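Only one structure is covered here, and it is reproduced in the block below.
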Amino acid sequence: MATKIVLIGAGSAQFGYGTLGDIFQSATLAGSEIVLHDINPRALAATEQTARDFLAARDLPFTLSATVDRKAALRGADFVIISIEVGDRFALWDQDWQIPLQYGIQQVYGENGGPGGLFHSLRIIPPILEICADIADICPDAWTFNYSNPMSRICTTVHRRFPGLNFVGMCHEIASLERYLPEMLDTPFSNLALRAGGLNHFSVLLEASYRDSGKDAYADIRAKAPGYFEKLPGYSDILEYTRTHGKLVDTEGSTERDALGGADSAYPWADRTLFREILEKFHHLPITGDSHFGEYIRWAHEVSDHRGILDFYSFYRNYLGQVEPVIELKLKERVVPIMEGMLTDAGYEEGAVNIPNQGFIRQLPEFMAVEVPAIIDRKGVHGIRLDMPAGVAGLLCNQVAVHDLTAEAVLQGSRDLVIQALLVDSVNDKCRRIPEMVDLMIDRQRPYLDYLK
């Protein structure tokens, strides 16, 4: 019987085309039934037509259909992949970021952590719970992979509401190690054995060794990382390059230096001034830069590269507005290898998945979704226990109450719990006007937050 894969949010060309290309290049998935679903019929039809034309032109062995009926799409599904947003993404993101700033909360970036991450979570988790309710009812044994953010709060809440669901969060941040470490260490990526973990967008490299010699590689990383990252171009350099040359830059699959023709950055430690503090004071390499890592740390606002963060936001907004996605027979994300690994009982180690903590990070409670490596086989996804250093664990532990209260605020529809989630968040140091700010956000973000009473 053919494997059935459902893409929810397929009307987004960025997600739909990219995921279809990943699936279509897989020999293991050949013959699969692909079902596209979106609530926007026009966008869905465009993705469907592009996919049909692509399959016909290359005579690829896949069956394709599309429907706005989610329940129909899910019937008989083996795998479900979710990537959705609600409303005008950037208009709402601006509110998530700027309104808390107006109330004096010095948050960084405002997408996944801090007040911005909270309001983003409050908007997007309810529709994802509705999707999961259908999955639990229609195809309860299916494996569901989520690409929507804020990843860790989504996964934590989904598992609290549907503890039996096979729900896994996926993020490509782990791929940064593949871009930087071979160049830094002058060795192929295949020669490196690595393990990283923490929370999504808040993970560090924990183990590194050379496969050919078995020797520890972390000493080399700590020694070489400062000189390497101090000169590596960042988004301020990329934004300037695009404005000067009038063309977009795609850094996926290569370092920023490669994308800009080998030039060093005009700004020391571009995008990574907070990254530098973590490396120097906690002695571990973050797997993401200031733009995400700083969302979870109170003192990050003092040391982050604000120019780089603002220039990233400008570049990213312009990039998504101008780029014309295409379907390519090229593996870009990690969900296809995981599906292949389940179907073939591969038993391989995947670098990063977001799953409920079952002792994988001992300092964190079981209800939280953590980002850890995992073994993939026919029985599913099996997390690997990590030895988390006390200092990094201390940073992670600051998120425990925030995740707990976010989940409960959504599940109970409680305005009071939203206020409490803000008051326990270490990023926030304000109190008296927090209820006013919450009421303003609920009003400005109707109808998405109307359920909060």
Inset, instruction - Along Cα→Cβ, 7 Å out, is where each label goes; now give me the distance between the ones at Met1 and Thr344 in nm to one decimal. - result: 2.3
Inset, instruction - Specify which residue in the list Ala193, Thr255, Gly321 is farthest towards the positive end of the charge dipole of the chain, using unit charges on the beta carbon of Lys, Arg (+1) and Asp, Glu (-1), about the Cα centre. - result: Gly321
Legend entry - Average projection area in nm² (convex hull over Cα atoms of the chain, one quarter of hull surface): 20.8
Inset, instruction - Determine the gain in length on full extension of the stretch Glu240-Asp186; use 0.36 nm per residue of separation and subtract their C-alpha separation, reporting nm with one decimal. - result: 16.6 nm
Legend entry - When the convex hull of its Cα atoms is projected in every direction, mean area for the range 1-129 (nm²): 8.9
Legend entry - Estimated FRET transfer efficiency (Gln98, Cys397; beta-carbon r; R0 45 Å; 0.05): 0.95
Inset, instruction - Report the FRET efficiency, 1/(1 + (r/R0)^6), for Thr63 and Asp377, where r is their Cβ-Cβ distance and R0 is 30 Å, rounded to 0.05. - result: 0.70
Inset, instruction - Tally the DSSP beta bridges in the chain and give the antiparallel ones as a percent, rounded to 5. - result: 50
Legend entry - Dimensionless Rg/Rh of the range 174-321 - Kirkwood Rh, Rg from C-alpha atoms: 0.96
Legend entry - Residue among Ala133, Trp299, Cys397 farthest towards the positive dipole end of the chain, charges placed on Cβ: Ala133
Inset, instruction - Evaluate the charge dipole of the range 174-321 about its Cα centre and quote only its size in Debye, nearest 20, assuming +1 on the Cβ of each Lys and Arg and -1 on the Cβ of each Asp and Glu. - result: 140
Inset, instruction - For the range 420-427, just list the computed ³J(HN,Hα) in residue order, Karplus coefficients 6.51, -1.76 and 1.60, θ = phi - 60°, integers in Hz, with x standing in for Gly and Pro. - result: 5, 4, 6, 6, 9, 6, 5, 5
Inset, instruction - Report, to two decimal places, the Cα Rg of the range 260-401 normalised by 2.2 N^0.38 Å (N = number of residues). - result: 1.28
Inset, instruction - Work from the charge dipole of the chain (Cβ charges, +1 for Lys and Arg, -1 for Asp and Glu, about the Cα centre) and give the residue of Gly164, Leu411, Asn357 farthest towards its positive end. - result: Leu411
Inset, instruction - For the range 94-235, divide the Cα radius of gyration by the Kirkwood radius and give the resulting Rg/Rh value with two decimals. - result: 1.08
Legend entry - Solvent-accessible area per residue for the range 174-321 (1.4 angstrom probe, square angstrom): 43
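When the accessible area of the range 83-223 is computed with all protein chains present and a 1.4 Å probe, what percentage of it is carbon and sulfur?
Summing carbon and sulfur atoms, their accessible area is 46 percent of the total for the range 83-223.
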Inset, instruction - Using amide H atoms built 1.01 Å from N in the peptide plane, name the residues 5+ places from Lys4, or on other chains, whose amide H lies under 5 Å from its own. - result: Glu33, Asp78, Phe79
Inset, instruction - Determine the sum of side-chain charges near His245: Lys and Arg each +1, Asp and Glu each -1, restricted to other residues whose C-beta is under 15 angstrom from that of His245. - result: -2
Inset, instruction - Measure off 7 Å from each Cα along the Cα-to-Cβ vector at Ala390 and Asp141, then give the distance between these two points in nanometres to one decimal. - result: 4.8
Inset, instruction - For Ala45 paired with Leu423, estimate the spin-label separation in nm (one decimal), with each label point 7 Å from Cα along the Cα-to-Cβ line. - result: 5.2
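The values are calculated or read from the model by the stated rules, or taken from the named source; none is laboratory data. Keep in mind that what you see is a predicted model, and the values were worked out from it rather than measured. All Cβ positions, glycine included, derive from the backbone under ideal geometry; neighbour counts span all protein chains shown. Side chains included, ligands, DNA and RNA excluded: accessible areas come from the protein's heavy atoms. Shrake-Rupley method; radii C 1.70, N 1.55, O 1.52, S 1.80 Å.
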